[in-house]
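A.B. asks: Here it is: the structure, laid out below.
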Amino acid sequence: MTAINSIAAGANNTSATSQNDHISALKFITCGSVDDGKSTLIGRLLVDSKAVLQDHLAGVQRQGETDLALLTDGLSAEREQGITIDVAYRYFATEERKFIIGDAPGHEQYTRNMVTAASSADAAVVLVDATKLDWKNPGLALLPQTRRHSLLVHLLRVHSLVFAVNKLDAVEDPALAWKHIQDALQAFAQAAGITVRATVPVSALKGWNVVDAHAGWCGYTGPTLLQVLEELSNTPADTALAPAFPVQWVEKFSSSSDTSQGRRVFWGRVAAGRFAPGTAVQIFPSGQLATVAQVLDHARRPQDVPAGTSAGIILDREVDVSRGDWILAAPTAAAAPTADDDFGDTPAATPAWPASRELRTTIAWMDDEPLVAGRVYWALHGHRWVKAKVKAVVHKLNINTLVEEAATQLDPNAIGHVELLLQEAIPAAPFTQARVLGSLILVDTASHKTAGAVLVN
């Protein structure tokens, strides 16, 4: 957080408000098609919000003009080709809020990078280049990558989506283009079931409606893009669910003479619910029962820790727990048998997070090799690795028509429904219910490349 604090201090001479801290910082990404102006938009946000030092600005001058895209395109290959290849993160702050921006690449080849950035974002700004569309046509078609990125953002449960229609200053009739493009975006979002927080006409190059309003342009009288971002809420954590905790690291302090509790700390990030001393838990996969004796926050202070927060958990006794295991809420006790039924079997306790080997999933496929039935991959769930076999490809989603089509394979950058069979059961849950327990990644067993992003249905 040091980088954020230093930039915020350089950008604002006023004292921070009570909400201007790391908890309320909005993490958002910019996405869309190639050359829609994503890097330029971020550069404009940084410059107009006074988050760039003069010597940094001097280093991105080209023929006397400031090339805003160079503020985020830091790789030499990006500067040579004029495209974004990897996700670049930048930080800035206003008097109202702090921001962490991820500049996601627009090229189809780098969709995996965009998915990685979106998986941890609170919001997404999808840019639409007005000059690439048949803006005179009321029934214009959006670019495939605009639709694909919007669908991926929706599937990944990114909390807020904002459309920014860019380069309207470069068309003959900005007002007409704005109307037709806005209508097309609204129709697409409605058909796809996507909730859009705002749609804003902008000129990233000239700075219109990015930080400063350009009154009356395109007939738009709403807030600027920055004003919209300042009002967006952070992604709510899954605190209302049963506790779940993937163990990332085991810290030993066996030299301690205190035998009233376990002498190891299990560190990780709470996936769901809230952990507090006295919480009854069950270890997965061993099934051992225990009670939480102490919970530490990231600074090793004893306190309750909710979902989305890093924590260290100490149990009331020594239990065999390793990296990749889960600490889950203890099963719910079953109802006792009636007095009349002396020979009835006692019903088994109901697990808070049932484990399963068979999963029905939605997969965003990112490997160069197509996904076909019968292939085996490594699957990562939390911090646990298991083998996963593709049982069947049910269908794929046509991003242009939003129709589910029969398919036998998923090509690169395709989205579809796939049935997986795991070598071992895992405590998976629907992604719409729990983000962490409902998500996996598939990794090629030979090349070790990330092959697919998996959402449990």
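A.B. asks: Counting only residues that are polar (S, T, N, Q) and not in a loop (DSSP other than H, G, I, E, B), which one in segment 307-333 is most open to solvent (accessible area, probe 1.4 Å)?
C.D. replies: If we take residues in segment 307-333 being polar (S, T, N, Q) and not in a loop (DSSP other than H, G, I, E, B), then Thr332 is most open to solvent (accessible area, probe 1.4 Å).
A.B. asks: Oh, and also: Only residues that are over 12 Å from Ile194 (Cα atoms) and in a loop (DSSP other than H, G, I, E, B): list them for segment 149-182, please.
C.D. replies: Lys167, Val171, Glu172, Asp173
A.B. asks: Give segment 285-306 a look and list any residue that's open to solvent by less than 60 Å² (accessible area, probe 1.4 Å) and over 26 Å from Pro331 (Cβ atoms), or say none.
C.D. replies: Within segment 285-306, Asp297, Ala299 meet the criteria.
Let's see how each residue does on (1) open to solvent by less than 20 Å² (accessible area, probe 1.4 Å); (2) more than 28 Å from His214 (Cβ to Cβ); (3) touching a Leu at 6+ places or on another chain (Cβ under 9 Å); (4) modelled with pLDDT under 85:
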{"residue": "Glu65", "(1), (2), (3), (4)": "no, no, no, yes"}
{"residue": "Thr72", "(1), (2), (3), (4)": "yes, no, yes, yes"}
{"residue": "Glu95", "(1), (2), (3), (4)": "no, no, no, no"}
{"residue": "Lys136", "(1), (2), (3), (4)": "no, no, yes, no"}
{"residue": "Leu152", "(1), (2), (3), (4)": "yes, yes, no, no"}
{"residue": "Val162", "(1), (2), (3), (4)": "yes, no, yes, no"}
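A.B. asks: Right, next: So is Gly193 modelled with pLDDT under 95, under 22 Å from the mean Cα position of the chain (by Cα) and not hydroxyl-bearing (Ser, Thr, Tyr) or not?
C.D. replies: In short, yes.
A.B. asks: Test Asp183 against the stated conditions and say whether it is of a type in the set (Asp, Glu) and at pLDDT 95 or above.
C.D. replies: It is true that Asp183 is of a type in the set (Asp, Glu) and at pLDDT 95 or above.
A.B. asks: Go through segment 281-313 and give me each residue that's among the aliphatic types (A, V, I, L, M) and touching a residue at least 24 places away in the same chain (Cβ under 8 Å).
C.D. replies: Scanning segment 281-313 gives Val281, Ile283, Leu289, Ala290, Val292, Ala293, Leu296, Val305, Ala307, Ala311, Ile313.
A.B. asks: Going residue by residue through segment 134-148, is there one that turns out to be under 20 Å from Gly193 (Cβ atoms), of a type in the set (Ser, Thr, Tyr) and in contact (Cβ under 8 Å) with a residue 24 or more places away in the chain?
C.D. replies: Yes, the conditions are met somewhere in segment 134-148.
A.B. asks: Could you check Ser120 against (1) buried (at least 16 other Cβ atoms within 10 Å of the Cβ); (2) out of contact with any helix residue (DSSP H, G or I) (no Cβ under 7 Å at 6 or more places or on another chain); (3) modelled with pLDDT under 90 and say which number it fails?
C.D. replies: (1)
A.B. asks: Of the residues Val265, Val247, Val228, Val210, which is out of contact with any helix residue (DSSP H, G or I) (no Cβ under 6 Å at 6 or more places or on another chain) and crowded, with 21+ Cβ neighbours inside 10 Å?
C.D. replies: Sole residue among the options that is out of contact with any helix residue (DSSP H, G or I) (no Cβ under 6 Å at 6 or more places or on another chain) and crowded, with 21+ Cβ neighbours inside 10 Å: Val247.
The values are calculated or read from the model by the stated rules, or taken from the named source; none is laboratory data. Since we're looking at a predicted model, the values are computed, not measured. In this analysis, Cβ positions are derived from the backbone assuming ideal geometry, glycine residues included, and neighbour counts consider all displayed protein chains. We work out accessible area using only protein heavy atoms, side chains counted, and drop any ligands, DNA or RNA first. Shrake-Rupley method; radii C 1.70, N 1.55, O 1.52, S 1.80 Å.
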